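Data first, discussion second: the structure below is written as C-alpha cells.
The values are calculated or read from the model by the stated rules, or taken from the named source; none is laboratory data. Everything quoted here is computed from the prediction, not taken from an experiment. In this analysis, Cβ positions are derived from the backbone assuming ideal geometry, glycine residues included, and neighbour counts consider all displayed protein chains. Only protein heavy atoms, including side chains, enter the accessible area calculation; ligands, DNA and RNA are left aside. Shrake-Rupley method; radii C 1.70, N 1.55, O 1.52, S 1.80 Å.
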Amino acid sequence: MFVEQWVGISTDEFHRAKDSDVKYMRNRHPLITDMNWSRSDCIRYLTSLGLADTPKSSCLGCPFHGNAQWRHIRDTSPSEWTDVVEFDAAIRQGNARATATGNSLLGQAFLHRSRVPLSDAPIDHVTASEWAARQQQLDDGETPDMDEAEHGVADGCSPWTCRGDAEVDPVQGAFGLAS
C-alpha cells in the first residue's frame, strides 16, 4: 500500500519535483503533470477566487530569496527582518554540529547571493529576473492599472512638461529646477 502525497510545485520549479525517499509514500505533482501550471497560472487562479495576496511559500531565512523577497521582509516585518539578519550573522562560521565533528566550512556562509552580510546586501537593486517577472506580469495583464504602468500617472509630470492639472511647485518652477 502506498500513501500518495500531493506536492504544490509548479512548472517553474520542476527541478524540485522529486519522488519521496520513503518506501511507502509516493509524491504526486499535479500542477506539473496534470495541469502544466506555472506560478503565474496559480496566481491567476487564486486571484479569480479572491485570494490574490497569497504569498510564495518559503522559509524566512531561505538562501534562495531574491532581492524582492528580502525587501518585502525588511519593509513589512521589522521583527522578522531583525531575526533573519541575526540568523545570517550566526551562520557565518557554519553549522556548529558539522564543525564540531571536524568538517570545516570552506569559506563563509551568507544568506544573500552577494556573499555579504544581509544587513549590507544590495537588496534594493532590482535584478534582471525581477524585471523579467515584472514584464511577464504586464504581458499577462496582472498589473491592476495597466494604463498607469504603461504611461505613468495621468496627472504626473515628466522632466519636460506636466500631463495634468497638477499645480507647479513654486520652489521648483515650471521645469522642475530650483529657482
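Remarks
- Taken together, Ser40, Ser48 contain a single residue that is of a type in the set (S, T, N, Q), free of Cβ contacts under 8 Å to residues at least 24 places away in the same chain and either out of contact with any Leu (no Cβ under 8 Å at 6 or more places or on another chain) or open to solvent by less than 40 Å² (accessible area, probe 1.4 Å) (or both), which is Ser48.
- Yes/no for Ser20 being open to solvent by less than 70 Å² (accessible area, probe 1.4 Å), part of a loop (DSSP other than H, G, I, E, B) and farther than 28 Å from Pro122 by Cβ: yes
- Taking residues in region 1-19 that are β-branched (Val, Ile, Thr), and partners anywhere that are modelled with pLDDT of 80 or more and open to solvent by 100 Å² or more (accessible area, probe 1.4 Å), the pairs with Cβ atoms closer than 8 Å and at least 6 places apart or on different chains are Val3/Tyr24; Val3/Arg26; Thr11/Asn36.
- Of all the residues in region 102-134, those that are touching a helix residue (DSSP H, G or I) at 6+ places or on another chain (Cβ under 8 Å) and not in a helix (DSSP H, G or I) number 12.
- Screening Ser40 with (1) modelled with pLDDT of 90 or more; (2) under 23 Å from Thr127 (Cα atoms); (3) touching a helix residue (DSSP H, G or I) at 6+ places or on another chain (Cβ under 7 Å); (4) not aliphatic (A, V, I, L, M) gives one miss only, at (1).
- Here Val3 passes the criteria (1) in contact with a strand residue (DSSP E or B) (Cβ under 9 Å, 6 or more places away or on another chain); (2) among the hydrophobic types (A, V, I, L, M, F, W, C); (3) within 21 Å of Trp131 (Cβ to Cβ) except the one numbered (3).
- From the list Phe87, Phe110, Phe64, Phe14, the lone residue that is of a type in the set (A, V, I, L, M, F, W, C), open to solvent by 60 Å² or more (accessible area, probe 1.4 Å) and touching a Leu at 6+ places or on another chain (Cβ under 9 Å) is Phe87.
- Any chance Asp53 is open to solvent by 70 Å² or more (accessible area, probe 1.4 Å), within 20 Å of Thr127 (Cβ to Cβ) and under 15 Å from the mean Cα position of the chain (by Cα): no
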